[in-house]
Structures are given as C-alpha cells and as structure tokens.
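K.L.:
The structure is given below, and queries will be raised subsequently.
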Amino acid sequence: MHTSKNSANLLNYQGIYPCPVCRLGEIKSLSLMEAFACDCGNNIFTADLDQQLLQLPTMQPPLTWYWNGTGWRRGELAGREWKWYHWLLVVGFVALPTTLVALSAYIFPATPGSNLYWLPTVWIGLAFLSHLVIVGWLIIEFYQFPVWTYLSISWRLLLER
Ligand SMILES: [Zn+2]
C-alpha cells in the first residue's frame, strides 16, 4: 500500500514528466492511450506502470527509462554494457595513431624555416581530432543516444525563443 505522497511520485497517466529524450520538453499521456508524448518532439513513448518504465519503441533495441519518483534512470540495453576495458580501446584508438604521427615527425623533423614546417603539427592535430570524432560517434551509437532528435528539438526551441 502506497501512501498518497508516494503514489503522487509514481509514474501514472495523470502526471506530467520531463522528457527523457530531449530533457527540454515535458511528456503527458495521450488521452485514452497507454502512451506518453513529448510536447516538443514527435516522440511517442509506451509505458509500463507496473514496472514504472517508459520505452521509446521506435529505436532498435527500444530505449528504456525507469522512473524513480523524481527523475529518469536509463535502463540497460540488453548485451550492451560499457566496461572499463572499452575505455582502454577508446584511449588506444585515439592515442596510438597520434603517437605514431608525432613520433615520425620527431624522428624525421621538417627543416626549420621550410615552407611545410607547420605540416607535422597540423597533421598530429588532424590525426588526434579525426580519431576522437570516430570514437565519439561510436560511443553515441553504443548508447543509442538519439542525437538527431535531441539536436533538432534543441534547434527548434532556440528558434522559437
Ligand atoms: Zn522531448
């Protein structure tokens, strides 16, 4: 038996909750449907009140959030867990090519004063940045963060202001 205070904090179809996708809008239940919709995007969420969870079924695998009474906790994606050694791979993937480029620039330095003296430095920066972008993209994909939804909603809110 829940007290009235606790039940007010439970996920229910009468409540209004922050949108877990864009974190900018609010989600309300659609009348006569066991679903929630965000007022700033066109995301429709399905809900399971027994488990206090919200799902975005348009993503594969579906994204899940659990309501803890005050905020959303991101559910685990089956078989997708970020382990400590993933960070080693990330650091290695960025550091290794950058180090190789830097090492070759160190071993075969450009002649000081020559036209392309700046090239090794720029090359090192490019190697670092390009690998960083790839890794960042992989992490976004890993977490299935709906980055385009988030950006388009932020952009629209910005224009409306
Ligand atoms: Zn939203």
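K.L.:
Give segment 13-41 a look and list any residue that's assigned to a loop (DSSP other than H, G, I, E, B) and either touching a His at 6+ places or on another chain (Cβ under 9 Å) or more than 9 Å from the ligand (Cβ to nearest atom) (or both), or say none. Steps first, answer last, please.
P.N.:
In the first step, residues of segment 13-41 are kept if they are assigned to a loop (DSSP other than H, G, I, E, B); the result is 13-15, 19-25, 30-34, 39-41.
Result: Tyr13, Gln14, Gly15, Leu30, Ser31, Leu32, Met33, Glu34.
K.L.:
For Leu157, state whether it is without any contact (Cβ under 8 Å) to a residue 12 or more places away in the chain, open to solvent by less than 100 Å² (accessible area, probe 1.4 Å) and closer than 25 Å to Gln55 by Cβ. Spell out how you get there, then give the answer.
P.N.:
Values: without any contact (Cβ under 8 Å) to a residue 12 or more places away in the chain: no; open to solvent by less than 100 Å² (accessible area, probe 1.4 Å): yes; closer than 25 Å to Gln55 by Cβ: yes.
When the stated conditions are applied, Leu157 does not pass them.
K.L.:
Against the conditions (1) at pLDDT 90 or above; (2) touching a Gly at 6+ places or on another chain (Cβ under 9 Å), where does Phe45 fall short? Just the number, please.
P.N.:
So the condition that Phe45 fails would be (2).
K.L.:
Next up: In this structure, is Ile140 under 30 Å from Leu63 (Cβ atoms), β-branched (Val, Ile, Thr) and within 16 Å of the ligand (Cβ to nearest atom)?
P.N.:
no
K.L.:
Still on this model: Tell me yes or no: at least one residue of segment 64-73 is within 26 Å of Leu138 (Cβ to Cβ), of a type in the set (D, E, K, R) and either at pLDDT 85 or above or assigned by TED's automatic domain parsing to the domain that holds Gly136 (or both). Full working, then the answer.
P.N.:
Residues of segment 64-73 within 26 Å of Leu138 (Cβ to Cβ): 64-66, 72-73.
Narrowing the set further to residues that are of a type in the set (D, E, K, R) leaves 73.
Subset that is either at pLDDT 85 or above or assigned by TED's automatic domain parsing to the domain that holds Gly136 (or both): 73.
Scanning segment 64-73, I find at least one residue that is within 26 Å of Leu138 (Cβ to Cβ), of a type in the set (D, E, K, R) and either at pLDDT 85 or above or assigned by TED's automatic domain parsing to the domain that holds Gly136 (or both), so the answer is yes.
The values are calculated or read from the model by the stated rules, or taken from the named source; none is laboratory data. Keep in mind the model is a prediction, meaning the values are calculated, not measured. Note: ideal-geometry Cβ built from the backbone for every residue, glycine included; neighbour counts use all protein chains shown. Calculation scope for accessible area: heavy atoms of the full protein, side chains included, ligands and nucleic acids excluded. Shrake-Rupley method; radii C 1.70, N 1.55, O 1.52, S 1.80 Å.
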